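Taking it in order: structure first as structure tokens, then the write-up.
Throughout, read-outs are computed from the coordinates displayed, never taken from laboratory work. Because the structure is a prediction, the values reported are computed rather than measured. Here the Cβ positions follow ideal geometry from the backbone for every residue, glycine too, while neighbour counts run over all protein chains shown.
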Amino acid sequence: MPTRDPEVERFVKELAAENRAFWVDRDVRLDPGAHREVLRSQIRYRMRQGVYNELRSAELIAAWIPYVKEREIRELLPRQLDDEQRHYQLLRKRLRDLAEDPDAYEPLPEWVALFDWLVACRSRSTLEKLAMFQFAGETQSCEGFETLIRLAEPLDPETAHLYRTQILPDEYRHAAIGRQALLLLADTPERQRQAREACREINERVFAAYRSHRTRADRGA
Ligand SMILES: [Fe+2]
Ligand SMILES: [Fe+2]
């Protein structure tokens with residue numbers, strides 16, 4: 001890795017703060033104030049959709065690897081692929097233990113479209129791709145998992161434990177890959193503009209998916 005440039009570090013910190021600000025009150029997938037039973041079903045819905053999202057994350061990383069030329073970044077991705085595949089299997093198993101068929105769930109079309117779009121972004125620059133998925137997306141995922149774990153703790157401690165010990169630590173590492181990519185690549189004003197625009201793009205799309213997710217969860221579909 002090159003020596004750290006304080007200006008780039010300042011930019012990455014600033015962009016992380018902008019993303020955090022965007023997400024205040026926008027992760028609508030769970031309602032912390034809901035009645036126990038409603039919350040329990042919202043958590044279950046997150047797990048069902050989560051199985052799909054973990055699988056697609058593994059596929060996404062597989063699709064991107066050939067397009068990531070920067071060796072320092074590329075070499076971090078196979079382990080991430082492996083992690084996402086493991087999360088997929090762990091969540092499927094947990095749903096089966098809860099007497100659900102994890103493969104019977106029809107993923108939400110908005111999530112399908114979001115992952116299809118991300119796969120199609122493979123030919124964009126490494127900076128843009130990793131700003132979107134690892135830096136913005138996975139950082140928000142970590143926040144989302146923290147909330148999920150906190151709310152699941154009293155309702156389904158075993159599921160909370162699974163997320164806390166087997167999934168969340170990996171997701172923090174994935175978010176750190178995004179930060180590393182930005183520190184390495186966002187070293188000109190133009191590249192910083194591209195990274196910021198990529199974050200804006202993905203945040204808007206993920207927010208739209210979260211809203212659809214919640215609408216469908218509320219319908220109990
Ligand atoms: Fe994951
Ligand atoms: Fe991840």
Low-density loop positions, GluC sites (Glu not before Pro), segment 1-102 - DSSP coil, at most 12 other Cβ in 10 Å: Glu75
Descending Cα extents along the principal axes, segment 7-92, whole Å: 49, 35, 14
Cut-off 14 Å between beta-carbons: net charge of the residues surrounding Asp25, Lys and Arg +1, Asp and Glu -1: +2
Farthest toward positive dipole pole in the chain [+1 Lys/Arg, -1 Asp/Glu at C-beta], among Ala181, Trp111, Ala136: Trp111
Cα-based equivalent ellipsoid, segment 67-118: semi-axes from gyration tensor eigenvalues, Å: 28, 17, 5
Whichever lysines have a C-alpha closer than 23 Å to that of Lys129, once near sequence neighbours (fewer than 8 apart) are set aside: Lys13, Lys69
Per-residue Cβ neighbour rank within 10 angstrom, fewest leading, Leu108, Leu182: Leu108, Leu182
Translational diffusion coefficient (Stokes-Einstein; Kirkwood radius from C-alpha pairs) of the chain at 20 °C, 1.002 mPa s, in µm²/s: 120
Whole-number percent relative contact order across the chain, with pairs defined as alpha carbons under 8 Å at least 6 apart: 30
Average Cα contact separation per residue, segment 96-218, under 8 Å, 6 or more apart, as relative contact order %: 38
Cα centroid separation - segment 1-59 against segment 113-187, whole Å: 7
